[in-house]
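Before any comments, here is the structure.
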Amino acid sequence: MGTSGAKPGSKPERERLRHQLLAAGSSPARIAAEMAGRWQFNPRQAWRYTHGLSQTAVAARCNDLLGDPRAPMTGKRISEYEAWPQRGIRPTIHVLALLARVYGTVPRALLGEDELPLLPEPERLVLDQLAPAAEPAAAPAPGTLDAAAVRAAAHASGAHAEHAEITEVGAITLEQLDHDVVQLARSSILVQPAEIFGELVRVRDRVFQLLQRRAHPAQQSHLYLLAGQTCGLLAGASMELGCYGAAAEQSRAAWVYAEIIGHNGLKAWLRGTQALIAFWSGNPREAAHLAKAGREYLRHGTGFVRLCNIESRAWAYLGDVRETHAVISMGHRAREQATEPDELHDLVGGEFGFDEARQSFCNAGAWVQVGKPVLAIEAAERALRLYATDAERNRRYGGEASTRLEMTDGYLAVRELDAADAALDPVIGTPATAGVAHLSTRLTDICTTLDTAPYRNSREARELAERIRAHPALAGP
């Protein structure tokens, strides 16, 4: 009777029985009686389960019937009425009448035989004056069928459809959440993560609350997509803040929602994000494999380009020139190929997007890592040209500064100290860049280069290193 280990009368068992009896043309009273008899529910529980309602939903319907915006009914109060007489609160005759209207029955049907004597005498007298609950209709004899049975089956279908039509999630609510997520995704590339982290949590929690309500399947899928997007954005923000364990946990939660609804675009983006988390956590080989795995879900378009470039950074760190070159080339071919816009990567964009400037920046970092400084400088110059032409609202926070760091490494590798100084000056010349992700690590690496041959004995190199160490990102409190 149900799945192994499940509590008797669990929701899956109740729903299975309810649908079976509705399909057979059983009345609500018959279903309630079956649930009460099979699982020892009291009548108030049995009638609620008959309609597949949560306690919160019943409270909302009671308040709608009362027509009072200050109506006091809550899901907790419904729970207390159902827990009586062992604990909780005794429902008054007025409460029973209200619940009876919600369930389509009479107040007397909501009390068990052992509960009736516990009511005050006046209330029992009122119940006696009300019509008794209808007895369940007898099933037709085998092999016989009359018009009444056909009509009853139609009525049951209509009642079930009416119930299925009910939703506690409005179209305007979903539209607002879509708007919120798009704005957050686009804001994520413009500001430091700490500035919007709280708003990301607020929107995610709102989605979680709605997922607990009754919704149509399409609405449920929509909410799961929003949950996956918000958890994904929180994963990215957590990573930028250096909390890699939290970022990984957020990404795994987002993956669950993407898996539930089979959203390949979101799954591809999440694999890329997980690859970035692995990379910055010091696991480049895992990062390469995760990014490559993401290409199973997208074969072209912006999302595919993003995965290729994340993978190239990982292979470059591992020193694999062949694989680095291969995936960089693959990314450029994908960028040049005309495809339909992807809803997540192109239409929502922002943190979910991956523009050509970002691609060029990644190319620069990969080429530096594998000892191709000339290619790195060319890629960085291309990225800076693109950043200069982008509208301000589309610029990635720290994108230009990060690109200049890669360009500086390239110039130092070809021993052009003056060019390296000029490339780095806009970064270290202002404290506004202090919040750029990984800035302190990258500046420290550049100082290390300046402290070693061939720059160790250069006065200009020492002066540049001193200017770098004076930057707030390295200067300390």
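How high is the FRET efficiency between VAL191 and ARG38 when r is their beta carbon distance and R₀ equals 56 Å, given to the nearest 0.05?
Computed FRET efficiency for VAL191 and ARG38: 0.50.
Taking the C-alpha atoms of the range 346-408, how large are the radius of gyration and the largest Cα-Cα span, Dmax, in Å?
Here Rg and the maximum Cα pair distance are 11.6, 36 Å.
Work out, step by step, the length gained on full extension between VAL321 and ASP64: first 0.36 nm times the residue separation, then minus their alpha carbon distance; give nm to one decimal.
85.7 nm
Going 7 Å from the Cα of GLN183 in the Cα-to-Cβ direction, what parts of the range 331-357 have a backbone nitrogen less than 18 Å from that spot?
348-352
Please report, in debye to the nearest 20, how large the charge dipole of the chain is about its Cα centre when each Lys and Arg carries +1 at its beta carbon and each Asp and Glu carries -1 there.
Working: 52 positive and 56 negative charges, 180 e Å.
Roughly 860 debye, rounded to the nearest 20.
Accessible area, 1.4 Å probe, largest first: how do GLU406, GLU463 sort?
The residues order as GLU463, GLU406, largest area first.
Jot down the radius of gyration and Dmax of the range 254-401, Cα atoms only, both in angstrom.
Rg and Dmax of the range 254-401, Cα atoms, are 14.7, 46 Å.
Cross-link candidates for LYS292: which aspartates and glutamates have Cα within less than 12 Å, leaving aside residues fewer than 8 places away along the same chain?
Cα-Cα hits under 12 Å: GLU311, GLU323.
ASP425 to LEU116: extension gain in nm, 0.36 nm per residue of separation minus the Cα-Cα distance?
102.7 nm
Could you tell me what percent of the accessible area of the range 36-110 is made up of carbon and sulfur, with a 1.4 Å probe and every protein chain present?
Values: 1790 of 3600 Å².
On the range 36-110, the fraction of accessible area on carbon and sulfur atoms equals 50 percent.
Using only the alpha-carbon atoms of the range 383-477 as identical scatterers, what base-10 log of I(q)/I(0) does the Debye formula give at q = 0.13, 0.19, 0.21 Å⁻¹?
With one equal scatterer per Cα and no solvent, log10 I(q)/I(0) is -0.43, -0.87, -1.03.
Among GLY429, ALA379, SER251, whose Cα lies farthest out toward the positive end of the dipole of the chain, if unit charges sit on the beta carbon of Lys, Arg (+1) and Asp, Glu (-1)?
Result: SER251, furthest along the dipole toward the positive end.
Using the beta-carbon distance between GLU336 and VAL201 and R0 = 51 Å, what value does 1/(1 + (r/R0)^6) give for FRET efficiency, to the nearest 0.05?
Efficiency, from the Cβ-Cβ distance: 0.85.
Counting only protein chains, not ligands or nucleic acids, how are LEU118, LEU17 ordered by accessible area (probe 1.4 Å), most first?
Working: LEU118 95, LEU17 10 Å².
Descending order: LEU118, LEU17.
Helix-derived [θ] at 222 nm for the chain: sum -39500 (n - 2.57) over DSSP H runs of at least 4, divide by residue count, nearest 500?
Rounded to the nearest 500, it is -21500 deg cm²/dmol.
Suppose each label sits 7 Å from its Cα in the direction of the beta carbon; what would the HIS300-GLU460 distance come out to in nanometres?
Going from the HIS300 label point to the GLU460 one covers 4.9 nm.
Across the chain, what fraction of all alpha-carbon pairs, as a whole percent, falls in each successive 10 Å bin from zero upward?
The distribution over the chain is 4, 16, 21, 16, 12, 11, 10, 7, 3, 1, 0, given as percents.
The values are calculated or read from the model by the stated rules, or taken from the named source; none is laboratory data. Everything numeric here is computed off the predicted structure, so don't read it as measured data. Cβ sites come from the backbone with ideal geometry, for glycine too, and all protein chains shown count toward neighbours. Note: areas computed on protein heavy atoms with side chains; ligands, DNA, RNA excluded. Shrake-Rupley method; radii C 1.70, N 1.55, O 1.52, S 1.80 Å.
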